[in-house]
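Peer 1: The structure that follows is given in the form of structure tokens.
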Amino acid sequence: LIHSVIALVLFAVIQAVRGEIAPGHLPWLLVGLAGQLALTTGVALFVGALQVYLRDVVHSLTLVLSALFYVTPIVYPVGLVPEALRRWLALNPLTTVVALYRSFLVSGDAPSLTAVAGLYVGAAVALVVGATVFRRLAVGFADEL
């Protein structure tokens with residue numbers, strides 16, 4: 001989170017100097033940051049707990065994160081994705097996070113409230129599942145480590 005905030009502030013300053021920032025969309029940025037934090041925390045708890053027992057999880061995670069990078073519109077706009085695939089792209093909660101960041105940083109359109117609700121539902125599920133798995137597996141951490 002610290003690294004993300006530092007990068008975000010630096011990029012926001014650059015965008016402000018260029019005149020491409022949308023100050024009125026700051027609330028969307030905060031909504032995106034909170035959703036990203038919740039989603040990331042849930043996934044981290046889940047993966048961290050599994051890593052204690054299954055040492056190869058880190059190798060699988062590398063592959064999954066690489067694939068996730070390419071199926072999330074980070075370096076390309078959603079408009080370049082064929083219409084037939086956009087429905088699938090919308091299922092990725094990170095698509096909404098990126099759209100929320102873009103709405104503030106590059107004066108893009110804010111995502112729909114349905115997409116934001118989907119992000120928060122996905123983040124809540126990730127948090128609940130991650131915390132539950134972590135709590136259940138934590139009893140054996142000392143023995144395994």
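Peer 1: How about the stretch 76-94: which of its residues are exposed (fewer than 15 other Cβ atoms within 10 Å of the Cβ) and either part of a loop (DSSP other than H, G, I, E, B) or in contact with a Cys (Cβ under 9 Å, 6 or more places away or on another chain) (or both)?
Peer 2: Hits for the stretch 76-94 are Tyr76, Pro77, Pro82, Leu91.
Peer 1: Of all residues in the stretch 95-116, how many are open to solvent by 50 Å² or more (accessible area, probe 1.4 Å) and either part of a helix (DSSP H, G or I) or within 14 Å of Gln36 (Cβ to Cβ) (or both)?
Peer 2: Applying the first criterion (open to solvent by 50 Å² or more (accessible area, probe 1.4 Å)) to the stretch 95-116 yields 102, 106-107, 109, 112-114.
From what is left, the residues that are either part of a helix (DSSP H, G or I) or within 14 Å of Gln36 (Cβ to Cβ) (or both) are 102, 113-114.
Of the residues in the stretch 95-116, 3 are open to solvent by 50 Å² or more (accessible area, probe 1.4 Å) and either part of a helix (DSSP H, G or I) or within 14 Å of Gln36 (Cβ to Cβ) (or both).
Condition check ((1) of a type outside the set (Phe, Trp, Tyr); (2) out of contact with any helix residue (DSSP H, G or I) (no Cβ under 6 Å at 6 or more places or on another chain)) across all residues:
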residue	(1), (2)
Leu80	yes, yes
Glu83	yes, yes
Ala90	yes, yes
Tyr101	no, no
Leu119	yes, no
Asp143	yes, yes
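The values are calculated or read from the model by the stated rules, or taken from the named source; none is laboratory data. Because the structure is a prediction, the values reported are computed rather than measured. Every residue, glycine among them, receives a Cβ derived from its backbone with ideal geometry; neighbour counts consider all protein chains shown. Ligands, DNA and RNA are excluded from the accessible area calculation, which covers all protein heavy atoms including side chains. Shrake-Rupley method; radii C 1.70, N 1.55, O 1.52, S 1.80 Å.
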